[in-house]
Each structure stands twice: as C-alpha cells, then as structure tokens.
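Below is one structure, written out as structure tokens, with a few remarks after it.
The values are calculated or read from the model by the stated rules, or taken from the named source; none is laboratory data. Since we're looking at a predicted model, the values are computed, not measured. Note that we place each Cβ from the backbone using ideal geometry, even for glycine, and neighbour counts take in every protein chain shown. The area values use the complete protein model at the heavy-atom level, side chains included, leaving out ligands, DNA and RNA. Shrake-Rupley method; radii C 1.70, N 1.55, O 1.52, S 1.80 Å.
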Amino acid sequence: MIKYVFLVSRQGKLRLSKWYTTASNNKETTKTIKEVSQLVLGRKAKQCNFIEHRDTKVVYRKYASLYFVVGVDLDDNELMIMEFIHRYVECLDRYFGSVCELDLIFHFQKAYFILDEMVMAGELQESSKKTVLRVMAQQDETEALENAERGWGDIK
C-alpha cells in the first residue's frame, strides 16, 4: 500500500504532498517529509533508488529538478512503484506538454487530480495513460462550461 507521495525540488522545497495514511499529527508528517527529503537529496545519482525509513520503504526517482518520492509498505514491489512514478510523470508530461516545475507550482490542483485518478486509498487504481488523460480532458471541459455559465470566461 502506498503511504504517501510527495514531490520535492533539488533545493528541498515541497511541491506536492499526498498522504494515504493518517498521521498522529501535522508535526509527524512534517518531520517525515523533512527526514525523507534529506535522505533522498543527500544521495548520489548512482546510488539505489530504494531506502528504508522507519517502517516504510521509500522509492524515489529524479526527473529534471524534481524528486518524486513514494513511501510504501516494506513488502511492496519496488519496481512496480518505480513504474508508477514513471507513469505519473508521463501523464503529467502529456497533460502539460513537457511538464516543468512551474507547471506544478501554478497548476498544482491538476497534478493532484492526475494523482487522484491513478491512486485511490493508497492502492494503484488506473495505470492507463489514455484513460487518465481522457478523464482530465472531460474535467477540463466541465470546468470550462461551469466557468462560462458563471460568466468567468476562459479561466484556467
């Protein structure tokens, strides 16, 4: 089961965070993000992309200036999680047309929507890029219709 997914920049700035387990408090999640980020950012490029942290297996992958970090149960398949990360990045890339860190900063809700299409309650639900992107297109269409009804014009 996926416990959390977060994206962190090379400078250590948190760009996206989604938790699928309940933490005892906000300090606990902040502490986990800080510790895991430091572990991931401190590793060399040639080192393995799997780390054990407390009772969690951390799987990460770097794309451009962002680290995609996923915490899973110790008995989960690391390669499946690596494939999930890659699939998520491919969906982001197709949706935004060559995604960059600024896309995730200014359109973070879209990144969350794509993640929510792929993962539900910590389990991978949809692995098809076509399906995820089709749902996103439908959502954009609905959003544009609602904005037009309210007289807001074409707000993205």
Taking only C-alpha positions in the range 30-83, Rg and Dmax in angstrom work out to 10.6, 29
Restricting things to alpha carbons, tell me how big the chain is in terms of Rg and Dmax, in Å.
16.4, 53
Here Rg/Rh (Cα, Kirkwood) for the range 80-136 equals 0.94
The range 98-156 - accessible surface per residue (Å², probe 1.4 Å)
66 Å²
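Heavy atoms only, probe 1.4 angstrom, no DNA, RNA or ligands counted: give me M136, M1 ranked by accessible area, highest first.
Numbers: M136 0, M1 65 Å².
From most accessible down to least: M1, M136.
In what sequence, largest accessible area first, do D75, D103, D116, D55 appear using a 1.4 Å probe? Don't skip to the end; give the middle numbers.
On the way: D75 130, D103 35, D116 65, D55 95 Å².
Most to least solvent-accessible, the answer reads D75, D55, D116, D103.
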Contact order normalised by residue count of the chain, Cα under 8 Å, 6+ apart, percent:
21 percent
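Find out how many positive minus negative residues lie around S9, taking Lys and Arg as positive, Asp and Glu as negative, among other residues whose Cβ is under 11 Å from that of S9. Kindly include the intermediate steps, with their values, before the conclusion.
Numbers: positive: R10, K13, R15, K62; negative: E101.
That works out to +3.
How much FRET efficiency would the formula 1/(1 + (r/R0)^6) give for D116 and R43, where r is the Cβ-Cβ distance and R0 is 25 Å, rounded to 0.05?
Values: r = 29 Å, r/R0 = 1.15.
Result of the calculation: an efficiency of 0.30.
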Choice from L74, L102, L133 with maximal GNM fluctuation in the chain (Cα, 10 Å cutoff):
L102
At 1.4 Å probe size, with no ligands or nucleic acids counted, give the accessible surface of K34 in Å², nearest ten.
130 Å²
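List the chymotrypsin sites (Phe, Trp or Tyr not before Pro) within the range 112-156 that DSSP assigns to loop and that have no more than 12 neighbouring Cβ atoms inside 10 Å.
On the way: sites: Y112, F113, W152; in loops: W152.
Here the sparse-neighbourhood loop sites are W152.
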